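To keep things clear, I will list the structure first and then write my remarks on it.
The values are calculated or read from the model by the stated rules, or taken from the named source; none is laboratory data. Everything numeric in this text was worked out from a predicted model, so none of it was measured. FYI the Cβ positions are ideal-geometry reconstructions off the backbone, even for glycines, and counts take in every protein chain you see. Keep in mind that these areas ignore ligands, DNA and RNA; they rest on the heavy atoms of the full protein, side chains included. Shrake-Rupley method; radii C 1.70, N 1.55, O 1.52, S 1.80 Å.
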Amino acid sequence: MLAKERYDYQRSVTPTQIRMLKADLEAIDRSLSLHAIQINPELLEPLHGQEAIRITSYGAVTRNIHKCLKIAKGKPLLTTQIAIYVAKQCKVNLSEEQFPAFKESVRCRLKGLAYAQKIMRLPTPKGAEGRWARNPELAGHSKSNPTRSLLDD
């Protein structure tokens with residue numbers, strides 16, 4: 001499907017659009033050369049590099065969050081409980097010092113899934129750990145196609 005979308009996009013780009021994009025690039029090059037101090041962009045270092053190393057395969061956290069909440073059968077789970085389940089399923093051995101960072105990454109993914117309305121964050125008192133559950137509207141949807149909710153993300 002992705003290849004077809006790319007092909008359709010490439011076909012939709014007209015020669016006029018290509019000429020306009022080339023003109024934009026030439027204008028950018030001209031404006032950069034007008035600066036009094038010439039800077040080689042290749043010498044600029046990033047403000048901060050990629051510090052986090054991926055310790056799970058792509059999508060593993062999301063899949064395991066869905067599995068964990070499915071196993072809970074509607075019972076709300078704490079962020080810590082979900083993070084422990086995900087770490088065990090991904091066979092990640094974390095020290096006590098490493099676990100908080102992993103838990104934070106799971107929490108960020110939970111927030112993203114809640115924003116996308118794939119799961120729900122239940123109301124909690126201020127300062128309390130988040131409680132999460134499957135979105136009941138989507139829970140029935142995954143019964144018709146059990147892998148759909150796992151692959152949607």
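Figures for the structure shown
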{"read-out": "Accessible-area composition of segment 70-113, carbon plus sulfur, in percent [1.4 Å probe]", "value": "55"}
{"read-out": "Lysines with Cα under 30 Å of LYS67, excluding same-chain neighbours fewer than 8 positions away", "value": "LYS75, LYS88, LYS91, LYS103, LYS111, LYS118, LYS126, LYS143"}
{"read-out": "Burial ranking of peptide ranges 2-9, 107-114 (average Cβ count within 10 Å, highest at the top)", "value": "107-114, 2-9"}
{"read-out": "Ordering of 61-68, 119-126 by burial proxy (mean other Cβ atoms within 10 Å per residue, highest first)", "value": "61-68, 119-126"}
